[in-house]
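The values are calculated or read from the model by the stated rules, or taken from the named source; none is laboratory data. Note that this is a predicted model, so its numbers are computed, not measured. Neighbour counts are summed over all protein chains in view; Cβ atoms, including those assigned to glycine, are modelled from backbone coordinates with ideal geometry. Areas reflect the complete protein model, heavy atoms only, side chains present, ligands, DNA and RNA absent. Shrake-Rupley method; radii C 1.70, N 1.55, O 1.52, S 1.80 Å.
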Amino acid sequence: MTAVGWTGQPVRRVEDAELLTGAGRYLDDIRLPGMLHLAVVRSPVAHALLGGIDTAAAAASPGVRLVLTGADVAGLSRLPVASDSGAQVFGPAVPILASERVRFAGEPVAVVVAESRAAAVDAAELVDVEYQELPAVTDPAAALAGQVVLHGDATDNVMFRWHQASGDVDAAFASAAAIVRADLELPRLAAAPLEPRGCLAAYDAAGDYLTVHASAQDPHRPRRQLAAVFGRTPESIRVIVPNVGGSFGSKSMLAPEAFATVLAALRLGRPVKWVETRSENFLAAYQGRGLRADCELAVAADGRFLALCARLTSDVGAYLYPVSPVPAVHAGTLATGCYDIPAASVEVTGVATNKVPTGPYRGAGRPEGAFIAERLADLTAAELGLDRAEIRRRNLIGPDAMPYRTAVGTTIDSGDFPRLLDRALELLDYDAALAEQRQARDRGEIYGVGMSVFLEPGGMGLWESAAVSVRPGGQVVAAVGSTAHGQGHQTAFAQLLADELGVPPAAIEIRAGDTATVPVGLGTFGSRSAITGGSALILAARELKATAIKLASERSGVPPAELAWRQGKIHGAGPPIDPPELSVTAGELSASAVFRLEQPVYSSGAYAAIVSIDASTGVLRVDRLVAAHDAGKVLNPLIAEGQVTGGTLQGFGEAVSEQVSYDADGQLLTGSFLSYGILSATEAPVLQSEFVEVPSPLNPLGVRGVGETGATGVPAVIASAVTDALSPLGVRHLDPPYTPEVLHAAVAVT
Amino acid sequence: MIPAEFGYRRAASVAEAIGMLTQDEDARLLAGGHSLIPLMKLRLAVPSLLVDIGKVAELRYVSEGPGYLAIGALTRHHTLATNPLVREQAGLLAAVATEIGDPQVRHRGTIGGSLAHGDPASDLPAALLALDASYLVSSPAGNRVISAGVFHLGFLQTALQHGEVITEIRVPSGTGSYGFRKFRARSMDWAMAGVAAARTPSGIRVALVNMGAVPLRAAAVEAALSAGRPAAEAAALAAVDTAPPADTSASAGFRRHLARVLTGQALADVDAAAPGRAGSVE
Ligand SMILES: Cc1cc2nc3c(=O)[nH]c(=O)nc-3n(C[C@H](O)[C@H](O)[C@H](O)COP(=O)(O)OP(=O)(O)OC[C@H]3O[C@@H](n4cnc5c(N)ncnc54)[C@H](O)[C@@H]3O)c2cc1C
């Protein structure tokens, strides 16, 4: 098609100059004339009956224009809880403002709107709320036992259930040579995007038109939510997503506070902005993980996995967001990992606790699934006295078995897991590492070698839209439903289109994040954008070329077969034709397309690591960390590597230091970066990573997901290495995070 | 994250700052702002007036006094870390200052602010305790000198009275080798526990960071050393009479353990830097 070949090149991100020099435009940079500011009054306690709320002093405070409480939102529809996770959902949905009861510390109780942010914050302190405290429950097991009941008559506090089973699990367990048990726990994590949540709502009463700027992952899902809650048509709402300072899943749903902001704008007829503080983000933004898994694996004498029985308990928190069941259910569907396990029964129970709700966070079930499967593989090796690479090789699904339907009903389209494991072990030099380990142990050192193999289903949501148009002079404008919030779509999508249309990337403008200019789409989450958004773009571009050739043929009488699109123009009918000239609507020629997937596209990978632990302080050092990924065709190696690097740092944080903690009364203990152990570049392990490019057959680009690889593979590989290091001391398993104190205790106890 | 309303005035001299402070009981000095402003943003501190001494040139110096090194209260951590006189005569302070926070913090935070804030997790107060430093304080009543050992009274509580300004930090001359160990999970963190040790004319002094409500001297360690016990044995006493906090980053017990390990390492540095002298004071 063209000789340029931009796709696959390490093109530097065109987004960066603007963002790094402070020229980006984030939500809080947007100021509208007459704009008011909203501050939130939050519950200081985790569980209480709401007595009276006295708003008089706040309402009378200088500059205050409106105070809203639970009574004011009673007329709105509740947020939907239905989700496409496949779980049976009991709810209830997260309220916009609490009424009658508060169920977590930090829950919004009232909002104050004032002329300045300072005035709103000052007045919020004057709202007097009477709390009749109730006992709180923070532990999911205690909640299941009905120690404290959060909602109505659901005495077991169950918010959702999911169960999948196939194969003869009982027979497998009855005939097993060994049954390997594991009780695992992954703590809650904070997504902690650098830019916290926020929105800016403006209502034009004359045109009955609502415009909402939101720090979100895409504009279309928020628009649907707004339409549902306010009973408006989607057409009467415009959602704009400006530059977004990170999300990692945590902004895939609008915050309850955002609906209150919109309500205030509707009431007041003036723009209202809400931007939360870092403290509020820790308190009230939905968190990730929070999963316990109680697992049994039936194993044959030769180490073959026969059946998995797993009960997963998700610490959902006080309410459900539509996405809340997704991670735990996803973990359930991935609990068999990359292994050929003929029978399985996996049960997921979502339990209400007096804590902020949970939802997707980078990986959203993939890291949990990998953690379960990989811990079981290691534990089986230990139980049978087999090498950990060998136990994996005996059980990995082979490339010839693809597509493979797992016993939990997931169909893996393609992948070569043994090759990835072998490559990671080769990069590590596994045999040399084991030899070095023997010597290190002789010297009294605590030295561990670990490995993990994992799946990363991508393309979730299964469809995306795109529109492409050409303007006079060859300028191309493409609009995509999938909106970047750090992923580099401007760069990568332009590379794709440049090749397809034969124009330089500099002539291509990628538009996203505005319901007014972008066709209805889904968004950016779950490692999906290249797969679905990129494919939709290519389909739209092809449609555009076909349309142009058809029109040129009609106009010139030259048969289509003799016409060709080259370098943005149509050749073969005399002088090259500029496509916009063919358009009846004048100015530009456009086409759009929707790409649909039959099922998720699986990428996969393997990590291997060498760690050592300082016996005197428990400090963990990562001596080597290597990875082989099958991310399919790599569109831009710089961006792909950036995704792996960022995910690796988050995965490493999950492994060694991140953990949201609450006290027994439900008070958040990790409410700032002082106490919440997010890592910085200084702590980043050096990763040696490689792409094994096996094109996916499920999309025209041959791409697979890459956004969640590091976050998925790293916790499992560090767990593998750490438990290996401690195994001579009799340690079978430890739950993350592997803080110095945890590791020191493990060393000192034995 | 928005402070309550407050007034702001910039002082041109120490005398002017003292004058402004004495007119308003709820006025607070503002130096680097890296402890006070976070507290104000959380509305844990609600001063009526900030008296900014950031531009008071007479508080920014390092010079040699009679028998001591004199450091102006407004000296930034970065200056401590890089100033040749500090490095030569109070190397411990320079070593400690390089490990405070991040570059931004080191370019804003001041030694006087760090002392006056009175946080036992701060590094400089413990180092100054190990160095047997004293602090020159000015007020309408005149000047007084407070020694490090009696300056800190409790968590975020010091011997300073309202209207008093620390003007100078005095570090006695004649300090020899030193050791500093700060344990933290992340490079940007405060100390989970820390130890500063220095060979002074009166013997090896050891002080602990974040092991109680105030910076603590490890008296049992010092006594063991001066009784001629080996360093390793003395270090095992580092947690005696400490009351470390327990929080999400570590239990009190782990902090005690760290204090012992770090003291052993810091004492080894004191020794290593002074060849020929064993792990106890002559
Ligand atoms: C992200 C971050 C990380 C940090 N990490 C560390 C760390 O690892 N180790 C560490 O030790 N510190 C750390 N700090 C604290 C930092 O060193 C502070 O700057 C220091 O503790 C206070 O100095 P300041 O000049 O900023 O004081 P300010 O914040 O201006 O003032 C603090 C208090 O001292 C009073 N005050 C200031 N100057 C005087 C004076 N001359 N006389 C009397 N009272 C005075 C003020 O009124 C106020 O009450 C960190 C701070 C931040 C923000």
Along the positive direction of the dipole of chain A (beta-carbon charges: Lys, Arg +1; Asp, Glu -1; about the Cα centre), which of A:LEU425, A:ALA484, A:ALA494 reaches farthest?
A:ALA494
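Enter the accessible area per residue of region B:178-275 (Å², integer; probe 1.4 Å; all protein chains in place). Numbers along the way, then the final one.
Numbers: 3530 Å² over 98 residues.
Per residue, region B:178-275 has 36 Å² of solvent-accessible surface.
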Could you pull out every residue, at least 5 positions away or on a different chain, whose amide H is within less than 5 Å of the one on A:VAL109? Hs are placed 1.01 Å off N in the peptide plane, and Pro or chain starts have none.
A:VAL41, A:ARG42, A:SER43, A:ALA98
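Divide by every residue of chain B the summed helix terms, -39500 (n - 2.57) for each DSSP H run of at least 4, and state the resulting mean residue ellipticity at 222 nm, rounded to the nearest 500 deg cm²/dmol.
Working: 12 runs with 93 residues, N = 282.
Per the formula, -8500 deg cm²/dmol.
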Per residue, how many Å² of accessible area does region B:70-176 show with a 1.4 Å probe?
35
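Under a 1.4 Å probe, what is the accessible area of chain A per residue, stated in Å²? Walk me through the numbers on the way to the answer.
Details: 25970 Å² over 750 residues.
Per-residue value: 35 Å².
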In whole Hz, with x marking every Gly and Pro, tabulate ³J(HN,Hα) for region A:722-733 from phi via Karplus 6.51 cos²θ - 1.76 cosθ + 1.60, θ = phi - 60°.
5, 5, 5, 4, 8, 4, x, 8, x, 7, 8, 8
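What FRET efficiency would be calculated for the residue pair B:ALA232, A:ARG596, taking the C-beta separation as r and a Förster radius of 60 Å, to the nearest 0.05? The partial results should precede the final answer.
Details: r = 70 Å, r/R0 = 1.16.
Working from the Cβ atoms, E equals 0.30.
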Where chymotrypsin sites (Phe, Trp or Tyr not before Pro) fall in DSSP loop in region B:7-101, at most 16 other Cβ within 10 Å
B:TYR61
Residues of region B:1-34 that become at least 50 Å² less accessible with every protein chain present than in their own chain isolated, using 1.4 Å: which are they?
B:MET1, B:ILE2
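Can you tell me the FRET efficiency between B:THR98 and A:ALA154 if r is taken as the Cβ-Cβ distance and R0 is 51 Å, rounded to the nearest 0.05?
Working: r = 56 Å, r/R0 = 1.10.
Taking R0 as 51 Å, the efficiency between B:THR98 and A:ALA154 is 0.35.
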Report, by chain and number, residues whose modeled amide H sits under 5 Å from the one on A:SER116, excluding near sequence neighbours (fewer than 5 apart, same chain).
A:HIS37
Give me the distance between the Cα centres of region A:91-145 and region A:149-167, rounded to whole Å.
25
Ordered by residue, what ³J(HN,Hα) values in Hz, to whole numbers, does region B:95-101 give under the Karplus form 6.51 cos²θ - 1.76 cosθ + 1.60, where θ = phi - 60° and Gly and Pro are x?
5, 5, 4, 5, 9, 7, x
Find the centroid of the Cα atoms in region A:611-640 and in region A:306-328, then give the distance between the two in whole Å.
28
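In chain A, which longest range has no trypsin sites (Lys or Arg not before Pro) that are both DSSP loop (not H, G, I, E or B) and surrounded by at most 15 other Cβ atoms within 10 Å? Present the calculation step by step, with values, prior to reporting the outcome.
On the way: sites that count: A:ARG12, A:ARG25, A:ARG31, A:ARG78, A:ARG443, A:ARG732.
In short, A:79-442.
Summarise the partner chain shielding of A:669-677 as one whole number: the mean count of Cβ atoms from other chains within 10 Å of each residue's Cβ. Spell out each step's value before the answer.
On the way: counts 2, 3, 2, 2, 3, 8, 4, 1, 5.
Rounded to a whole number, the mean comes out at 3.
In peptide B:247-258, what is the residue-averaged number of other protein chain Cβ atoms found within 10 Å of each Cβ?
Whole-number average of other-chain Cβ neighbours for B:247-258 is 5.
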Computed Kirkwood radius, in angstrom, where 1/r is averaged over Cα pairs of chain B
19.1
Tell me whether region B:178-275 comes out rounded, prolate or oblate; compute the Cα gyration tensor, take square roots of the eigenvalues as a ≥ b ≥ c, and use a/c under 1.5 as the rounded threshold.
prolate
Accessible surface ranking that places the most exposed of A:TYR607, A:TYR662 first, with a 1.4 angstrom probe:
A:TYR662, A:TYR607
FRET efficiency, 1/(1 + (r/R0)^6) with R0 25 Å, evaluated for B:PHE155 and A:THR277 via beta carbons
0.50
Along the Cα-to-Cβ line of A:MET35, 7 Å from the Cα, sits a label point; which residues in region A:219-252 have backbone N less than 14 Å from it?
A:240-243
Cα→Cβ-extended label distance, 7 Å offset, between A:GLU347 and A:ALA748, nm:
3.9
Over the whole of A:106-119, what's the average partner chain Cβ count within 10 Å per residue? Rounded to a whole number, please.
1
Non-local amide H neighbours of B:LEU69 (under 5 Å, H modeled in plane, Pro and chain starts lacking H): which ones?
B:VAL171, B:SER173
Rounded, prolate or oblate for chain A? Axes are the square roots of the Cα gyration tensor eigenvalues, ordered a ≥ b ≥ c, and the cut-off for rounded is a/c under 1.5.
oblate
